[in-house]
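Below is one structure, written out as structure tokens, with a few remarks after it.
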Amino acid sequence: MPPANAAPVAPPPPAQPVAPKPVVPAVPAGPQKTLTLKAVTSVKELAELLGVKPNLLIAELMKMNILASINERLDIKIAQQVAEKHGFLVEREKKPEHTAVPMHKQELKEDADKPEDLQPRPPIVTVLGHVDHGKTSLLDRIRKTNVTKGESGGITQHIGASTVQMKSGQAITFLDTPGHAAFTAMRARGANLTDIAVIVVAADDGIMPQTLEAIKHAQAAKVPMIIAINKIDLPAANPEQVKQQLAANGLTPEDWGGETICCAVSAVTGEGVEHMLEMILLQAEIMELRANPKRRAKGVVIEAQLEQGMGPTANVLVLAGTLKLGDAVLVGAHWGRIRALINDRGERVKEAGPSTPVKCLGLSGVPEAGGEFVVCQDDKFARDRAAENAIRVKGEQMNAPKKVSLESLYEALQEQIRLELKIILKADVQGSVEAVLHGLEGIKSEKVVLNVILSGAGNITANDVLLAKASSAIILQFRVGREANVAQMAKHEGVEIRQYDIIYALIDDVRDSMAGLLPPDLVEHVLGHAEVLKVFSLSKGTVAGCIMKDGHAYSRSKLRVLRAKATVHDGTLFSLRRFENDVSEVKDSQECGIRVENFTAFQEGDILEFYEIEKKTPHL
């Protein structure tokens with residue numbers, strides 16, 4: 001109960017009813033903003049489209065475990081995820097129909113071949129085989145030329161093409177492909193261009209690894225093969241043994257009841273060459289090779305280079321149609337109007353029909369060897385398609401964004417620890433560049449990184465020297481010249497230029513250079529042991545009276561002082577004496593007096609272990 005004198009408590013005021021909050025009707029969301037994205041978009045471009053700062057977008061990507069710089073390209077799926085988070089509806093940019101194929105649909109329709117337009121064409125024959133089995137010499141006999149004398153080391157360094165006119169009026173186009181192992185990709189490309197593959201095997205050497213490789217290329221291209229058993233004029237020649245090896249690899253000769261045509265030939269005497277050519281023409285007749293010479297030309301780039309006084313040139317093989325002066329040609333990211341056509345004999349011609357190799361001038365740049373070319377309807381079409389192809393290629397070459405993980409961070413750290421050899425490669429033609437790069441890819445090392453910062457066809461320029469200086473690189477010069485004053489400039493800037501004519505010499509030198517960056521491997525060799533019998537303190541220092549237990553010791557040898565099998569000192573022998581004379585060597589069981597640099601605390605019973613360090617060339 002409340003106390004009697006307590007003031008009466010006023011009752012609480014009646015509760016006021018709480019007015020309900022007005023319900024705001026939901027505003028229907030407006031139409032979602034649409035964003036059109038390319039197949040590959042950079043971080044900077046995406047930030048501009050989204051209206052955000054690039055650094056904020058980079059931070060957002062890091063939360064998605066994607067590490068990307070401002071200029072890195074993002075895949076369409078990643079860009080779509082980011083855009084949808086910002087409230088955008090993403091659409092992929094539609095490409096014009098003509099970008100899907102090298103020529104416009106209407107152009108393809110106009111160039112459709114009619115049966116009545118198809119005419120017989122010369123067979124394209126690729127000569128494949130092992131190095132030094134006589135491929136080029138055989139072609140010399142056929143073409144009545146002498147190419148091998150001009151080849152470095154007697155090895156063909158890039159693909160050549162020529163047309164041979166037979167006495168019957170028929171023609172054969174020959175592709176001569178290199179036989180060295182580094183040119184695997186070029187041989188593969190040659191086999192894919194061909195109608196018939198001639199596999200050259202030396203009768204005195206038999207089937208070799210690159211012979212089998214050439215056979216596989218021809219089989220992969222699904223082209224008929226003719227085996228040319230060369231060098232039958234040599235005393236050691238054994239064609240029957242070659243046939244046995246062929247049969248063992250699934251190629252049974254015709255005269256053994258199989259389907260493989262074998263021709264015994266001699267590139268030196270010419271024996272059997274006519275018979276081989278007849279077999280090639282017979283095989284071509286069975287294949288019924290035909291092409292339409294009336295359509296716009298298309299074909300393949302055999303070789304491309306930058307020639308002084310001519311600019312970019314391309315050795316092409318016309319596969320269909322007729323290539324003419326003034327044609328607008330598209331090849332990858334390059335285009336041009338044909339200013340001149342030069343045949344394999346160095347003569348200027350006005351046109352080149354099917355199965356004809358020809359050098360063309362007038363392109364805007366040096367195309368990729370093995371690329372396809374087409375003749376377009378006009379300059380504008382060719383120029384536009386080349387620009388689109390250049391943009392597409394550039395986009396594909398951009399580095400893909402890297403995901404952040406402990407493994408990737410560890411790999412990045414290891415890359416920083418590893419040594420690096422930077423090179424700039426300049427070669428005579430694009431095919432040589434391709435072949436050298438293929439050979440360099442075969443140099444595997446976990447200790448030294450080989451970084452080709454620039455490669456291309458053409459002479460070494462002042463810009464190459466400046467780039468080499470800025471990046472601490474060496475320049476590899478393969479069968480190519482130098483512009484004026486480049487040698488003097490390289491000497492002044494301290495840039496090394498190495499010149500080569502043979503590919504395997506270049507590759508071996510690069511491998512040796514990579515090994516030269518590594519510190520030498522140190523190998524220890526124990527020379528012998530001596531025991532301390534007595535310690536003498538003299539005015540000149542402390543001398544250990546010893547006896548050699550095994551081996552021997554030289555003056556200035558390295559040694560360890562061992563006490564109870566533990567190393568007390570590791571240093572260098574200062575003086576070695578027998579009786580009163582300084583000596584250069586002490587052998588097993590001989591007594592001697594020994595002084596050691598910076599050590600005097602000898603004890604009787606100490607063991608002196610003499611050793612030497614051998615420096616060995618490290619392995620990659």
Seminar exercise, completed: For the stretch 214-372, the charge dipole (Cβ of Lys, Arg +1; Cβ of Asp, Glu -1; about the Cα centre) points to a positive end, and the Cα of Gly272, Cys360, Ala228 closest to that extreme belongs to Cys360
Problem set entry | Chain lengthening between Lys422 and Asn238 when straightened (0.36 nm per residue, less Cα-Cα) | 61.5 nm
Exercise. Applying 1/(1 + (r/R0)^6) with R0 = 41 Å to the Cβ-Cβ distance of Leu325 and Ala220, what FRET efficiency is obtained, to the nearest 0.05?
Worked result: 0.65
Seminar exercise, completed: Subtracting the Cα-Cα distance of Thr252 and Ser69 from 0.36 nm times their residue separation yields 59.9 nm
Problem set entry | Cα pair count fraction exceeding 20 Å, expressed as % - the stretch 530-619 | 28 percent
Seminar exercise, completed: One would report the Cα pair-distance distribution of the stretch 194-269, bin width 10 Å, in %, as 21, 55, 23, 1
Exercise. Translational D (Stokes-Einstein, µm²/s) of the stretch 305-376 at 10 °C and 1.306 mPa s when Rh comes from the Kirkwood sum over C-alpha pairs?
Worked result: 133 µm²/s
Exercise. Per the Kirkwood treatment, what hydrodynamic radius in Å, one decimal, follows for the stretch 511-553 from the mean inverse distance over all distinct Cα pairs?
Worked result: 14.1 Å
Exercise. Within a Cβ distance under 11 Å of Met489, other residues only, what is the Lys/Arg minus Asp/Glu net charge?
Worked result: 0
Exercise. What order, most packed first, do the peptides 311-322, 525-536 have when packing is the mean number of other Cβ atoms within 10 Å of each residue?
Worked result: 311-322, 525-536
For this session: For the stretch 477-550, calculate the relative contact order in percent as a whole number, restricting contacts to Cα pairs under 8 Å that are 6 or more residues apart.
Result: 21 percent
Exercise. Based on the mean of other beta carbon atoms within 10 Å per residue, what is the order of 57-69, 220-232, most packed first?
Worked result: 220-232, 57-69
For this session: Subtracting the Cα-Cα distance from 0.36 nm times the residue separation, let me have the gained length for Lys491 to Tyr504 in nm, one decimal.
Result: 2.1 nm
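Here, each number is a calculation from the coordinates, and none is a lab measurement. Computed from a predicted model, the values in this text were never measured in an experiment. Quick reminder, even Gly has a Cβ in these numbers, built from the backbone with ideal geometry, and neighbours come from all protein chains shown.
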